[in-house]
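To start, the structure under review is shown below, and the notes come after it.
The values are calculated or read from the model by the stated rules, or taken from the named source; none is laboratory data. Owing to the predicted nature of the structure, the values given are computational and were not obtained by experimental measurement. Virtual Cβ from ideal backbone geometry, glycine too; neighbours counted across all protein chains shown.
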Amino acid sequence: MFFSASFYQYVLSKIYEHLQITFTSLFLASILAIPLGSILAKSTNAFFANVILRIVAAIQTVPGLALIALTTAMLVLLRSYILVPTVGFLPGTLVLSIYAILPMMNSTYSGIRGIDPSLLEVARGMGMTRMQMFSMIEFPLALPAILMGFRVSLVWTFGSATLTSLIGSGGLGDLILQGLRTMNVPIICFGTIPLMILAIFFDGLVAHFGPKLLKGPSYKTTENS
């Protein structure tokens, strides 16, 4: 079985499923976390910002299995009104997206809040609008911090995606669960080793190319100013 072509094709299909659910979750988390972190950082109501950050941090402390169960239960209740899947790709993606939000939102918030206020004063003196200040100064300068948050979410999501196999989301977690049920160590290895390689590879990829992307035209302009 372990040396048959069909088995290796099965492993490759699980790797593809794992990549699909991981990057879909990261994409959804990014389009929520980065704007929300930016809004909170720009908010004049510090109490409101702290409350939101603490709520998201509290959700992060919920155990993975518990959050999977809660998400599935909520989808079951919602199914009475809207036809939504209660198992499979959707609930798995929702759970992983929720967990991936905090690192990116915190890094975005910290990155923007950590910008030297004197730079913003100079920008105001030059007649820049709030949107221009954000797009040309605040966001480019916060990108290194945002990138660090993305890397944390990336590695964490790769590992946690194995848990969503419990609700039929697919991925390398299927191999690990199959190996655990039958106490088959080689099958467990076929699930864990590719997972470790993928997490290290993509983290290294972001670490290598991320700083180069930060040196784009807008970032250079901001640095030179």
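To keep it simple, each residue is scored yes or no on (1) without any contact (Cβ under 8 Å) to a residue 12 or more places away in the chain; (2) touching a Phe, Trp or Tyr at 6+ places or on another chain (Cβ under 9 Å); (3) within 25 Å of Val206 (Cα to Cα).
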position: Ser25; (1), (2), (3): no, yes, yes
position: Leu28; (1), (2), (3): no, no, yes
position: Pro35; (1), (2), (3): yes, no, yes
position: Phe47; (1), (2), (3): yes, no, no
position: Asn50; (1), (2), (3): yes, no, no
position: Arg54; (1), (2), (3): yes, no, no
position: Ala73; (1), (2), (3): yes, no, no
position: Val84; (1), (2), (3): yes, no, no
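Pick from region 113-139 the residues that are over 17 Å from Gly37 (Cβ atoms) and hydroxyl-bearing (Ser, Thr, Tyr): which of them is surrounded by the fewest Cβ atoms within 10 Å (Cβ to Cβ)?
Result: Ser118.
How about region 144-164: which of its residues are in contact with a His (Cβ under 9 Å, 6 or more places away or on another chain) and among the polar types (S, T, N, Q)?
Listed by number, the list holds a single entry, Thr162.
Just for helices (runs of 4 or more DSSP H) wholly inside region 1-96: which have at least 2 residues that are within 24 Å of Leu198 (Cα to Cα) and out of contact with any helix residue (DSSP H, G or I) (no Cβ under 6 Å at 6 or more places or on another chain)?
The helices (runs of 4 or more DSSP H) meeting that bar are 5-42.
Got a number for residues in region 157-197 being under 24 Å from the mean Cα position of the chain (by Cα), of a type outside the set (S, T, N, Q) and either assigned to a helix (DSSP H, G or I) or over 22 Å from Gly88 (Cα atoms) (or both)?
Step one: filter region 157-197 for residues under 24 Å from the mean Cα position of the chain (by Cα), giving 157-177, 191-197.
Next, from what is left, pick out any that are of a type outside the set (S, T, N, Q): 158-159, 161, 163, 166-168, 170-177, 191, 193-197.
In the following step, the residues that additionally are either assigned to a helix (DSSP H, G or I) or over 22 Å from Gly88 (Cα atoms) (or both) were identified as 158-159, 163, 166-167, 173-177, 191, 193-197.
Total meeting the criteria: 16.
Which residue is modelled with the highest pLDDT, if the candidates are limited to region 92-143 and must be of a type in the set (Val, Ile, Thr) and either over 27 Å from Ile68 (Cα atoms) or touching a His at 6+ places or on another chain (Cβ under 8 Å) (or both)? Quick ask: steps written out before the conclusion?
Here is the first cut: in region 92-143, the residues of a type in the set (Val, Ile, Thr) are 93, 95, 98, 101, 108, 112, 115, 122, 129, 137.
Right, trim to either over 27 Å from Ile68 (Cα atoms) or touching a His at 6+ places or on another chain (Cβ under 8 Å) (or both) and you get 112, 115, 122, 129, 137.
On the way: Ile112: 91, Ile115: 88, Val122: 88, Thr129: 84, Ile137: 86.
In this case the residue turns out to be Ile112.
Working carefully through the options Ile137, Ile200, find the one that is part of a helix (DSSP H, G or I) and farther than 20 Å from Asn106 by Cα. Working first, answer last.
Values: Ile137 fails: farther than 20 Å from Asn106 by Cα.
Among Ile137, Ile200, only Ile200 is part of a helix (DSSP H, G or I) and farther than 20 Å from Asn106 by Cα.
Can you find a residue in region 182-192 that is touching an Asp or Glu at 6+ places or on another chain (Cβ under 8 Å), on the phi > 0 side of the Ramachandran plot and not β-branched (Val, Ile, Thr)?
Step one: filter region 182-192 for residues touching an Asp or Glu at 6+ places or on another chain (Cβ under 8 Å), giving 191.
Those left that are additionally on the phi > 0 side of the Ramachandran plot: none.
No, region 182-192 contains no residue that is touching an Asp or Glu at 6+ places or on another chain (Cβ under 8 Å), on the phi > 0 side of the Ramachandran plot and not β-branched (Val, Ile, Thr).
Does Leu19 count as under 16 Å from Gly173 (Cβ atoms), loosely packed, with under 12 Cβ neighbours inside 10 Å and in contact (Cβ under 8 Å) with a residue 40 or more places away in the chain?
no
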